[in-house]
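Let me begin by presenting the structure, written as structure tokens, before commenting on it.
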Amino acid sequence: MFPWSPEFKWDAYHVAFFGALYSVLATVAGTLAFAAWRAWRDARAGRAAAIAWHGDFEEMPRSARPCRHQLTGEAPERTCENGFDCRHCSAHGHFLALRQAAGAVEPAGHFGFDLPLDRLYHRGHTWVRPEPDGTLTVGLDDMARRLVGRPERVELPAPGDRLLVNGPAGRLRTRGREVRVLSPVDGKLLGVSGAGAAFTLRVDPGATADLRHLLSGDEVRAWGLRELERLQRALGSSALGTALADGGELVEDLGSVLPGDRYDAVLGDMLLEP
Amino acid sequence: MEAVDKPGGARYGMVIDLDTCGGCGACAVACAVENNVPPAAERTTERNGISWMRVQRLEAEGDARAAFIPVMCQHCGVKTPCVSVCPQNAVGVDPASGIVAQIPVRCLGCRYCMAACPYHARSFNWWDPDWPGRIVETLNPEVSTRTRGVVEKCTFCSHRLQAAQDAQAAKGGEAKAPEYTPACVEACPAGAIVFGNLDDPESEAARLAKAPGSFRLLERLGTGAKVYYHTTRDWVRRLADGRAAGDGRTHG
Amino acid sequence: MDERLLPRGRRRAPFGRFLLWLLPWTALLAVGLYAAYLCLALGLNQTNMDNRFAFGLWIYLDLTVIALGAGAFFTGFLLYVMKKRALSAVVNSAVVIGFICYSGAVSILAIDVGQPLRAWFTFWHPNVHSMLTEVTFCLTCYLTVLAIEYLPLVLRNRQLKRRPSMLLFEFELHKVMAVFALVGTFLSFFHQGSLGGLYGVLQGRPFAYRESLAAWPSTFFLFILSAAAVGPSFVLATTWIVQKVSGRTLVKQEVFDLLARVSGSLLLVYVLAKSVDTLVWINHTSFALGVHPASYYAFAPFGTWALFAEIVLLGLVPALLLALPRTRRNPRVLVPAAFLACAGVATNRFVMTVQTLALPTLAFDRFLSYAPSWQETASFLAVVAYGVILYSISFRYLNLFPQERELAAAPEA
């Protein structure tokens with residue numbers, strides 16, 4: 001193995017054998033080191049959140065990733081390939097330009113849960129309300145609250161922490177099952193208020209808040225309907241107290257009516273953590 | 001192990017006369033005593049005991065006649081199956097003597113050499129060697145003992161060659177391959193084993209090896225073995241080698 | 001109790017039931033470990049190997065599991081290099097099984113050698129002409145590669161991937177996985193071949209000896225071919241077993257179809273090559289060594305039926321069944337055919353290890369038989385138990401079958 005061992009003499013066989021061996025070892029060690037170095041660089045550049053979200057997004061089935069413009073009927077068969085981050089999507093700008101100024105927006109209505117239109121919505125079931133003083137308030141929407149029920153533990157970022165769009169904005173533990181909450185905005189966390197699933201975050205977005213990736217107006221209704229469909233599918237054939245258009249109401253605490261691993265799956269499906 | 005040509009090198013070999021061998025087994029016993037072969041453990045059989053030299057009985061079915069053939073490491077020369085397969089280079093051909101030497105301290109015990117050897121000349125230490133009580137005093141100090149889990153075989157008593165070389169060097173003699181006698185040769189009461197330098201045309205071993213009726217086992221494999229057997233009796237030849245003397249495919 | 005470790009959305013048995021499943025395998029492992037301990041403490045006299053049967057059950061089974069474990073490298077090669085995307089459904093499972101096969105084989109080798117602590121001597125004093133040196137180096141390197149391929153699976157566990165360092169390392173490692181797949185293919189090519197070369201170079205054993213092509217005997221190439229051919233079949237067979245034991249569908253039918261197709265076509269090539277090789281061997285090579293090939297099959301139970309069984313019954317037949325679409329489409333034929341192919345390779349390895357040593361070489365030798373001792377059998381069963389335990393744990397906590405969730409929600413018609 002080491003050419004400086006006693007009795008060693010170079011010949012063609014030795015060259016071939018050790019050439020191959022050292023090449024293999026170098027390739028394996030080098031590639032491993034390269035991957036480790038790249039990972040260290042990613043960590044330093046703060047790319048962990050983006051990579052985590054990218055991984056989760058890839059694992060979601062295509063049926064869970066319709067483009068917002070498919071929801072509104074603008075683009076029939078379009079699946080998002082961008083991690084729901086419309087700020088950096090060229091197609092989104094294109095679609096916006098095509099959108100005519102619509103007439104009066106219908107109220108989001110009742111799907112069995114509330115989606116008030118005085119705020120913007122993120123695909124991860126959080127809402128964002130721009131405040132007069134330039135800050136943003138963030139909270140869980142009604143569907144998420146009904147899904148989560150009364151969590152045993154709510155871990156939220158601390159004031160001063162930086163939030164990133166599609167990065168983690170907290171973890172909830174409910175009925176022994178865990179799920180993380182996606183942050184809908186970029187910014188610095190100013191403060192936290194509220195208890196349990198009714199928490200709200202106060203965020204300073206910096207100079208200008210880029211909220212193009214959030215849903216508003218007509219999109220909210222279309223999305224809400226679609227999410228209900230998705231929930232139905234995730235729950236399986238038994239409706240368990242949910243009804244669609246017949247005006248029924250989504251159960252307050254879904255965890256109370258679902259078996260454990262089913263509940264775990266539903267949480268992950270709806271809050272986008274597969 | 002790399003070969004370095006030494007002046008005055010030899011090719012030690014053996015010729016065993018099957019017409020004289022009576023099958024007494026003195027050679028096998030002497031070998032075991034000389035080379036510190038451990039006493040057999042309780043469950044030893046002929047298949048897992050250590051015997052550097054074994055005496056096989058040759059007989060044909062339905063025939064009352066029997067002959068005996070002592071078999072040990074044939075010290076192959078041209079093609080050494082065990083040397084080429086040992087993953088650790090724990091076997092090598094000594095260029096100065098032609099002896100196929102084993103390094104027990106380097107042996108891993110993988111037994112690949114045992115699978116490779118067509119003469120089944122190699123034994124494995126399936127047990128921990130033990131010399132209980134005062135038997136340990138019979139050990140030959142010139143030969144190192146082996147541990148459990150390593151392979152061992154006939155060395156043509158290379159320690160005796162070493163002693164002869166040392167004596168020759170002490171006398172300040174020229175570098176000529178010394179004559180020496182392995183234990184089995186010494187012990188044979190019938191003098192059936194002749195040992196010497198096959199490259200020395202004057203030696204009796206070299207002469208007998210070329211004599212008519214001399215043959216090697218598994219000649220067809222071309223191992224270049226240095227152990228020859230001699231018999232004038234066709235039926236013995238056939239039993240030992242699978243073919244009669246006149247078959248013409250063997251090389252004298 | 002361990003819900004936090006379970007992958008989301010997959011039905012898993014309650015923790016107590018899982019422990020109950022592991023219990024008998026743990027018991028088997030314990031017995032086997034005791035048998036291995038006996039061999040290490042008292043010596044290899046605990047086995048039924050002897051000076052004539054220097055290789056026994058262990059070497060035979062090592063060769064077999066390594067041949068079957070070739071599914072790991074070959075699936076990786078087909079996926080990452082040949083871009084057969086459908087195989088991403090089974091590559092994780094194949095890697096785990098490959099890891100189990102190779103780590104098991106290396107563990108058995110550690111007790112099979114007389115002085116395990118001297119194992120490093122091969123690295124320090126390598127004999128580059130020996131096939132066994134090549135095998136040693138290759139197996140060590142390949143086991144490392146397999147461990148590296150196993151790592152991302154573990155790092156993607158639900159709790160582990162929460163840690164940014166693990167997440168990022170897994171992400172970057174996955175991006176370069178093709179490099180490891182290629183290195184794995186290269187190493188596998190050589191060690192599968194060298195295991196064949198081990199026997200092909202034995203001039204003293206005309207039954208095993210073969211002519212050389214380039215530097216290697218024909219058995220080198222035949223072993224590579226048979227390992228690559230049977231690898232996909234073994235992946236298929238094990239997936240089927242896991243589906244049966246777990247009671248759920250884990251892969252789509254198209255995956256089985258692809259595995260069978262590849263295995264079948266390669267097996268056909270192998271059977272052709274093996275037939276040519278056999279003809280050369282019985283008409284030329286044996287005679288050159290002074291042996292009539294009929295003598296190989298003159299001793300019961302190794303009659304010529306053994307050769308026929310190996311090449312035709314367990315070679316050509318499963319090859320055709322897997323290669324032909326008509327038979328492949330029927331799962332009742334497909335799965336047994338895959339098992340038959342695995343049995344064929346096991347037979348080939350058996351014949352090369354055991355029959356080689358059983359046959360006499362000297363004119364005054366006898367045909368010998370050998371049956372393994374309970375210590376040998378138990379040690380090997382410990383490896384099987386270890387495999388089942390490790391696979392069960394991997395199946396429970398890791399995402400071995402990416403299609404599992406999709407198929408549970410919407411089963412194929």
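The values are calculated or read from the model by the stated rules, or taken from the named source; none is laboratory data. Just so you know, these numbers come straight off a predicted model, no measurement behind them. A quick note on method: Cβ atoms are made from the backbone with ideal geometry, for glycine too, and the neighbour counts reach across all protein chains shown.
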Residue, nearest to the other protein chains (Cβ to nearest Cβ), within the range C:289-306, restricted to residues that are surrounded by 16 or more Cβ atoms within 10 Å (Cβ to Cβ) and of a type in the set (A, V, I, L, M): C:289
The lone exception for residue A:188 - which of (1) part of a strand (DSSP E or B); (2) within 30 Å of residue A:258 (Cα to Cα) it fails: (2)
Leading residue by the ranking (surrounded by the most Cβ atoms within 10 Å (Cβ to Cβ)) among those in the range B:84-93 that are within 7 Å of another protein chain (Cβ to nearest Cβ) and in contact with a helix residue (DSSP H, G or I) (Cβ under 6 Å, 6 or more places away or on another chain): B:86
From A:150, A:171, A:177, A:162, residue being surrounded by fewer than 19 Cβ atoms within 10 Å (Cβ to Cβ), in contact with a helix residue (DSSP H, G or I) (Cβ under 8 Å, 6 or more places away or on another chain) and assigned by TED's automatic domain parsing to the domain that holds residue A:86: A:150
The range C:120-147, residues that are buried (at least 21 other Cβ atoms within 10 Å of the Cβ), over 16 Å from residue C:194 (Cα atoms) and modelled with pLDDT of 95 or more: C:145, C:146
Among the candidates B:172, B:191, B:109, B:98, residue that is at positive phi and either without any contact (Cβ under 8 Å) to a residue 40 or more places away in the chain or not in a loop (DSSP other than H, G, I, E, B) (or both): B:172
Residue within the range B:128-143 that is crowded, with 20+ Cβ neighbours inside 10 Å and either under 12 Å from residue B:37 (Cβ atoms) or more than 7 Å from chain C (Cβ to nearest Cβ) (or both) present: no
Single unsatisfied condition, residue B:23 versus (1) on the phi < 0 side of the Ramachandran plot; (2) surrounded by 13 or more Cβ atoms within 10 Å (Cβ to Cβ); (3) of a type in the set (Gly, Ala, Ser): (1)
Odd one out for residue A:174, checked against (1) hydroxyl-bearing (Ser, Thr, Tyr); (2) in contact (Cβ under 8 Å) with a residue 24 or more places away in the chain; (3) over 21 Å from residue C:8 (Cα atoms): (3)
Residue count for the range C:1-38, restricted to those that are facing another protein chain (nearest Cβ under 10 Å) and either surrounded by fewer than 16 Cβ atoms within 10 Å (Cβ to Cβ) or within 25 Å of residue C:110 (Cα to Cα) (or both): 4
Cβ-Cβ under 6 Å pairs, at least 6 apart or on other chains, the range A:48-72 side closer than 13 Å to residue A:82 by Cα, far side in a loop (DSSP other than H, G, I, E, B) and acidic (Asp, Glu): A:56/A:273
Filter result for the condition that a residue is within 12 Å of chain C (Cβ to nearest Cβ), crowded, with 22+ Cβ neighbours inside 10 Å and within 19 Å of the chain's Cα centre (by Cα), over B:114, B:72, B:53: B:114
Residues satisfying the stated conditions in the range C:98-119, i.e. buried (at least 20 other Cβ atoms within 10 Å of the Cβ) and away from chain B (no Cβ under 13 Å): C:98, C:99, C:100, C:101, C:102, C:104, C:105
Test for residue B:35: is it of a type in the set (S, T, N, Q), in contact with a strand residue (DSSP E or B) (Cβ under 9 Å, 6 or more places away or on another chain) and away from chain C (no Cβ under 11 Å): yes
Subset tally (residues that are under 30 Å from residue C:55 (Cβ atoms) and either away from chain C (no Cβ under 14 Å) or in contact with a Ser or Thr (Cβ under 6 Å, 6 or more places away or on another chain) (or both)) for the range B:153-163: 4
Residue C:373 being without any contact (Cβ under 8 Å) to a residue 60 or more places away in the chain, within 13 Å of chain B (Cβ to nearest Cβ) and of a type in the set (Ser, Thr, Tyr): no
All helices (runs of 4 or more DSSP H) inside the range C:111-191 with 1 or more residues being touching a residue at least 24 places away in the same chain (Cβ under 8 Å) and hydrophobic (A, V, I, L, M, F, W, C): C:131-155, C:164-175
Subset of the range B:94-111 that is away from chain C (no Cβ under 14 Å) and of a type outside the set (Val, Ile, Thr) - its residue that is farthest from residue B:159 (Cα to Cα): B:95
Residue match in the range C:363-373 (condition: at negative phi, among the aliphatic types (A, V, I, L, M) and crowded, with 17+ Cβ neighbours inside 10 Å): no
Hits in the range C:243-276 (condition: within 15 Å of residue C:405 (Cα to Cα) and touching a Ser or Thr at 6+ places or on another chain (Cβ under 7 Å)): C:243, C:250, C:251
Cross-chain or 6+ apart pairs with Cβ under 7 Å, the range B:147-166 first and touching a residue at least 60 places away in the same chain (Cβ under 8 Å), then of a type in the set (Asp, Glu): B:157/B:34
